[in-house]
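Working notes, beginning with the structure itself.
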Amino acid sequence: MATLGDLERAVMDLLWEHPEAITANTLRDLLSQRPSATEADSRPLAVTTVLTVLSRLEKKGLVERERATRPHRYRAVTSRADHTAELMLEVLGSAPDREAVLARFIGTVSEGEAETLRKLLGRD
């Protein structure tokens, strides 16, 4: 699973928030409405920059492009929850001692999260 840069993450966040496919121009406009992390990030994004990010996300298998209309529209391939679960599985799979990683993770969750885990693990 590929890691995401800051702009890729911001684009994916917007695509996850908008289940309908949206254009690069719409994404650019939505990105410009979000607060920037630094003063240097406050300049407006060019639509070509957004298209480049979308192209990279498409190559990573995270975004699909609807080519039937112009301008093309983009949507996330999977949900945020699916993506997060894949990342967790990838990290867990790379650990030499999975039990230790799971124990450490479980030791850091809140009581409410632990209860949720117990309920989920109790399912058939």
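Here, each number is a calculation from the coordinates, and none is a lab measurement. As the structure is a prediction and not an experimental result, all values here were calculated from the model. No Cβ is skipped: glycine too gets one built from the backbone with ideal geometry, and neighbour counts run over all protein chains shown.
Please verify whether Pro71 is assigned to a loop (DSSP other than H, G, I, E, B) and either without any contact (Cβ under 8 Å) to a residue 24 or more places away in the chain or hydrophobic (A, V, I, L, M, F, W, C) (or both), treating the condition exactly as stated. Don't jump to the end; show me each part of the working.
Values: assigned to a loop (DSSP other than H, G, I, E, B): yes; either without any contact (Cβ under 8 Å) to a residue 24 or more places away in the chain or hydrophobic (A, V, I, L, M, F, W, C) (or both): no.
No, not satisfied.
Would you point out the residue of region 74-97, among those that are part of a strand (DSSP E or B) and of a type outside the set (A, V, I, L, M, F, W, C), that is nearest to the chain's Cα centre (by Cα)? Break it down into steps so the answer makes sense when it comes.
First, the residues of region 74-97 that are part of a strand (DSSP E or B): 74-76.
If we keep only those that are of a type outside the set (A, V, I, L, M, F, W, C) as well, we get 74-75.
Details: Tyr74: 14, Arg75: 12 Å.
That would be Arg75.
Among what's in region 74-118 and is touching a residue at least 40 places away in the same chain (Cβ under 8 Å) and among the aliphatic types (A, V, I, L, M), pick the residue that is farthest from Val63 (Cα to Cα). Show your work before the answer.
Pass one, region 74-118, residues touching a residue at least 40 places away in the same chain (Cβ under 8 Å): 74-76, 79-80, 83, 86-87, 90.
Next cut, among the aliphatic types (A, V, I, L, M) only: 76, 87.
Working: Ala76: 5, Leu87: 16 Å.
For region 74-118, the residue satisfying everything is Leu87.
Of the residues that sit in region 15-27 and are in a helix (DSSP H, G or I) and surrounded by fewer than 19 Cβ atoms within 10 Å (Cβ to Cβ), which one is nearest to the chain's Cα centre (by Cα)?
We begin by selecting, within region 15-27, every residue in a helix (DSSP H, G or I); these are 15-17, 24-27.
Next cut, surrounded by fewer than 19 Cβ atoms within 10 Å (Cβ to Cβ) only: 16-17, 25-26.
On the way: Trp16: 7, Glu17: 10, Asn25: 19, Thr26: 18 Å.
If we take residues in region 15-27 being in a helix (DSSP H, G or I) and surrounded by fewer than 19 Cβ atoms within 10 Å (Cβ to Cβ), then Trp16 is nearest to the chain's Cα centre (by Cα).
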